[in-house]
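Trainee: My questions all concern the structure below.
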Amino acid sequence: MKTLLDIMRTLRAPDGCPWDQKQTHASLRPYLLEEAAEAVDAITSNDPDAMADELGDVLLQVAFHAVIGEEEGRFSYRDIETAIVDKLVRRHPHVFGETEVADADEVVANWQAIKAAERSSQGSSQQDVSPAERVSRSLPALLRAYELSEKLGWTSSASALSAKTLEVDVADTGGDARKRIGEMLLAVVDEARRLGVNPEIALREAADVRVGLSAVGADERG
């Protein structure tokens, strides 16, 4: 990691790369999203060379932000590393402490309880953040809607599509249920295309309406 950070510092130096020099935390946002998505694609392909390459690109984004933060005097790579190490130790008391758990579900429950306690200890500004605001607006629309639905306990009406299209046998599990849900989503996309509606934008707007955000407010938040 030291070598990577040194390379980034060289690229950002006055006699370095003009493109790298002008980047900011804000300007790098789309690259972080893109590299993360490409890493997911590589993992899906199960190609070890592609995985190593794409995860390296994600690590580059971490180094880039670390060096910019270092230049601004706001944070450094050491701060990033310390934050995640401390968090992992703190949220795994069943490994690094005396807590006992029965299974993975109990681990998740403990993790959520620890997160809630952390927010409470961080002061009123954190406590006032709603569950909806804790879901990143930069997530792809379908994933963001899923996270919002989970955190806010949404229930959706089946009136948007025919009962036949939406019907999923309660006996379906695993791949069968996943395949049926996939077919439903494709049906929605086909209908959106027929009507000339961008399904990504439509879902984002619907999610915003559900959590009480206006389209203007959503745009302003980026």
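The values are calculated or read from the model by the stated rules, or taken from the named source; none is laboratory data. Every value quoted in this text rests on a predicted model; they were computed, and no experiment measured them. Note that we place each Cβ from the backbone using ideal geometry, even for glycine, and neighbour counts take in every protein chain shown. Ligands, DNA and RNA are excluded from the accessible area calculation, which covers all protein heavy atoms including side chains. Shrake-Rupley method; radii C 1.70, N 1.55, O 1.52, S 1.80 Å.
Trainee: Report the charge-dipole magnitude of region 1-64 in Debye, nearest 20, computed about the Cα centre from +1 at each Lys and Arg Cβ and -1 at each Asp and Glu Cβ.
Mentor: Values: 5 positive and 12 negative charges, 107 e Å.
For region 1-64, the charge dipole is close to 520 debye.
Trainee: A follow-up question, please. In debye, nearest 20, what is the charge dipole magnitude of region 34-128 about its Cα centre with +1 on Lys and Arg Cβ and -1 on Asp and Glu Cβ, if you could check? Walk me through the numbers before you get to the answer.
Mentor: Numbers: 7 positive and 22 negative charges, 140 e Å.
Rounded to the nearest 20 debye, it is 680 debye.
Trainee: Separate question: Classify region 1-100 as rounded, prolate or oblate, taking a ≥ b ≥ c as the square roots of the eigenvalues of its Cα gyration tensor: rounded when a/c is under 1.5, otherwise prolate if a/b is larger than b/c and oblate if not.
Mentor: Because a/c hits 1.5 or more and a/b fails to exceed b/c, region 1-100 counts as oblate.
Trainee: May I ask you to list the chymotrypsin sites (Phe, Trp or Tyr not before Pro) in region 48-129 that are in a DSSP loop and have at most 15 other Cβ atoms within 10 Å of their Cβ?
Mentor: Details: sites: 64, 75, 77, 96, 111; in loops: 75.
Of the chymotrypsin sites (Phe, Trp or Tyr not before Pro), the ones in loops of region 48-129 whose Cβ has at most 15 other Cβ atoms within 10 Å are 75.
Trainee: I would also like to ask the following. Ordered by packing density, taken as the mean number of other Cβ atoms within 10 Å over each peptide's residues, highest first, how do 51-63, 190-202 rank?
Mentor: My ranking of the peptides, most packed first, is 51-63, 190-202.
Trainee: Any lysines with Cα under 27 Å of the residue 151 Cα? List them, leaving off those in the same chain fewer than 8 positions away.
Mentor: 87, 115, 179
Trainee: Follow-up question, since we're still on this one. By accessible area of protein heavy atoms, probe 1.4 Å, what ranking do 203, 5, 142 get, highest first?
Mentor: Ranked list, largest accessible area first: 142, 203, 5.
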